[in-house]
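*Asks:* Take this structure first; my questions come after.
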Amino acid sequence: MATLPLSAAMERGGEREREGERERDPAARPRVGVIGGGLSGLCCAERLVRSGISVTVFEKAEVLGGRMRSDQVDGFTLDRGAHAIFRHYPEFSSTFDMDQFSWGHFGQSAGFFDGFRIVDVGNPMGNLKLVRTLFSTGVTLIDYIKIFLRYKIMFRVLGPYAPLHASRKDMPVKELFEKKLGLSQGFVRNFFTPSFQPIFLCPPEEMSSQAVDFIMTALTCGGTALPAGGVQAVVDQLARRLPDEVIRLGTSVEQISKNSIRLHGESDETLFDAVVVAADWGAAAKLVGKDAVGSPQFSRSSTTWYFRFEGKPPGSSTPHTIVPVGESMVDGVIINLAFVNSIQPAYAPMGWSLCQVTTVGLAKSTDELSLKRRLEYFFGPTVHHWDMMSQHYEWEQHQPSHLPRFDRDTPKDCKENSWMQPARLSNGVYCCGDYRAHPGFDGAIKSGKAAAAAVCEDLGIHVASASLVKPPRAYLFWLWHVMVVFLALMTTLVVVM
Ligand SMILES: Cc1cc2nc3c(=O)[nH]c(=O)nc-3n(C[C@H](O)[C@H](O)[C@H](O)COP(=O)(O)OP(=O)(O)OC[C@H]3O[C@@H](n4cnc5c(N)ncnc54)[C@H](O)[C@@H]3O)c2cc1C
């Protein structure tokens, strides 16, 4: 029988003893302060609590959620910015109990507005009627097969984070699509650009091929959806897993020094065993300095507006989401609009419609009349009867930009996902947030969990598992892929012959 070396055995014994102590006496638990109750801070706190640590989350707002918040106004659900929940984001799907949400789906198509009419474009595999409209945008069958093979087959088999692996060369996505993959200009101009500009808030020249590959893989593996209650429902599910005493709302942290925290308006400092800065980049830079958190670039700013009206959306079969084709990213331009109650009926009272409109730039770059004039191009004069709601949400730093990462300085332990930045800032101080990871809220979740793991490691505590949801059985995964590869081969054979 193999035996442990004496020192290792003693260390393990000591660790077990300390764990037993923590179970018996909560006062013996290490204390960790988390600054920021957005998705990354809550994911970090949740994993720390499961690891047996005593956690306090300080959130300066009166409500949790950060950039993923929703307001309930007169029976309408207003997300504070147009979100789409990618249910197949790897971290998201392994963290949340999907059955607890009541989902409304975006559908298999979107309306592409070419200045004259709205064309319904989408995945012809899901709806054969869409084949005709897909080709009317200039997308070819070859484009479609290449996209299918790359995202539905290759990256699915290689794994969800394969697109972000350090060994993959990053480049502007236009270069990848046009030069490397040989996709048609129709695909890039008429299909990809209008679909991805609203996600990345920048033109394709500024989009990283790695980031696009990651999002395309998640998109082709499953659609996007909105939960009843708005995107806030995502944050609320996490918050429900935390004991009440963990969260301190309306509490702004003014200063941290080493691992102590001073709250706004207080002179005393509270000492913790570790502090995690999970604030957005601007606030984090104020607390720990730009040198510590770096100076990431941000995408364009954006503003989301809401219009309500009685009855159905104009037109007999208007798609749920509409994107303009050929629009450049200048302030005031509409880059995305959605009849959100067609996606998720719980977003508006019965008999009403809610149109969510996102424009480039801050709110001052447009006004109600200019917005309605622009909307008139899409739907005609009926828009002048729509009631613009007084709530609108502007984001100066919408999300970190997804520029190609040429000068990559990938830390050794981040090869798997080269967008991840180390969680340790200095002795006892850690950091997480979407700007420390790959694009979107999946990055925020992953970065929060990574910060929890780093804290536990340094405190000598066994960290709880990162995933709460059981992954699908391995044989089902492979069975599915064998079927998909078989179908792809058959399709290619049919096309070639
Ligand atoms: C309009 C918009 C649309 C988006 N759409 C999508 C989408 O469709 N898909 C997608 O994947 N991602 C989307 N995102 C990005 C996504 O919302 C973010 O990546 C994610 O919410 C970031 O979470 P976070 O915890 O890193 O930061 P945040 O959500 O910014 O959380 C930081 C928290 O820290 C708090 N805080 C700051 N300073 C202090 C302090 N001193 N003391 C205490 N608390 C403090 C803040 O109040 C905030 O609650 C969108 C973002 C925006 C703005």
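The values are calculated or read from the model by the stated rules, or taken from the named source; none is laboratory data. This one's a predicted model, so the numbers in the text were calculated from it and none came from an experiment. Cβ: placed from backbone, ideal geometry, glycine included. Neighbour counts: every protein chain shown.
*Asks:* Out of all the residues in the range 169-212, which are away from the ligand (no atom under 16 Å from the Cβ), touching a residue at least 60 places away in the same chain (Cβ under 8 Å) and part of a loop (DSSP other than H, G, I, E, B)?
*Replies:* Within the range 169-212, Asp170, Met171, Pro203 meet the criteria.
*Asks:* Given the options Gly230, Gly222, name the one that is farther than 25 Å from Ala454 by Cα, surrounded by fewer than 21 Cβ atoms within 10 Å (Cβ to Cβ), touching a residue at least 24 places away in the same chain (Cβ under 8 Å) and of a type in the set (Gly, Ala, Ser).
*Replies:* Gly222 is the lone residue from the list that is farther than 25 Å from Ala454 by Cα, surrounded by fewer than 21 Cβ atoms within 10 Å (Cβ to Cβ), touching a residue at least 24 places away in the same chain (Cβ under 8 Å) and of a type in the set (Gly, Ala, Ser).
Okay, residues lined up against (1) on the phi < 0 side of the Ramachandran plot; (2) within 16 Å of the ligand (Cβ to nearest atom); (3) part of a strand (DSSP E or B):
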{"position": "Asp291", "(1), (2), (3)": "yes, no, no"}
{"position": "Pro296", "(1), (2), (3)": "yes, yes, no"}
{"position": "Ser328", "(1), (2), (3)": "yes, no, no"}
{"position": "Ala338", "(1), (2), (3)": "yes, yes, yes"}
{"position": "Asn341", "(1), (2), (3)": "yes, no, no"}
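*Asks:* All but one of (1) under 30 Å from Glu396 (Cβ atoms); (2) in a helix (DSSP H, G or I); (3) at pLDDT below 85 hold for Gly115, so report the exception by its number.
*Replies:* (2)
*Asks:* Give me a count of the residues in the range 62-95 that are within 13 Å of the ligand (Cβ to nearest atom), of a type outside the set (Asp, Glu) and outside any helix (DSSP H, G or I).
*Replies:* 19
*Asks:* Pairs, please: C-beta under 6 Å, at least 6 apart or cross-chain, first residue under 11 Å from Ile35 (Cβ atoms) and in the range 242-255, second near the ligand (Cβ under 9 Å from one of its atoms) and in a loop (DSSP other than H, G, I, E, B)?
*Replies:* Correct list of pairs: Ser252/Lys60; Ser252/His264; Glu254/His264.
*Asks:* Continuing with the same structure: Somewhere in the range 380-395, is a residue under 28 Å from Glu206 (Cβ atoms) and in a helix (DSSP H, G or I)?
*Replies:* no
*Asks:* Working only within the range 450-470, note down all residues that are assigned to a loop (DSSP other than H, G, I, E, B) and of a type in the set (Gly, Ala, Ser).
*Replies:* Gly460, Ala464, Ser465, Ala466, Ser467
*Asks:* Show the residue pairs that are 6+ apart or on different chains and have beta-carbon atoms under 8 Å apart, the first residue being within the range 378-402 and more than 21 Å from Pro324 (Cα to Cα), the second being away from the ligand (no atom under 16 Å from the Cβ) and not in a strand (DSSP E or B).
*Replies:* Between residues of the range 378-402 that are more than 21 Å from Pro324 (Cα to Cα) and residues that are away from the ligand (no atom under 16 Å from the Cβ) and not in a strand (DSSP E or B), the close pairs are Ser401/Glu206; His402/Glu206.
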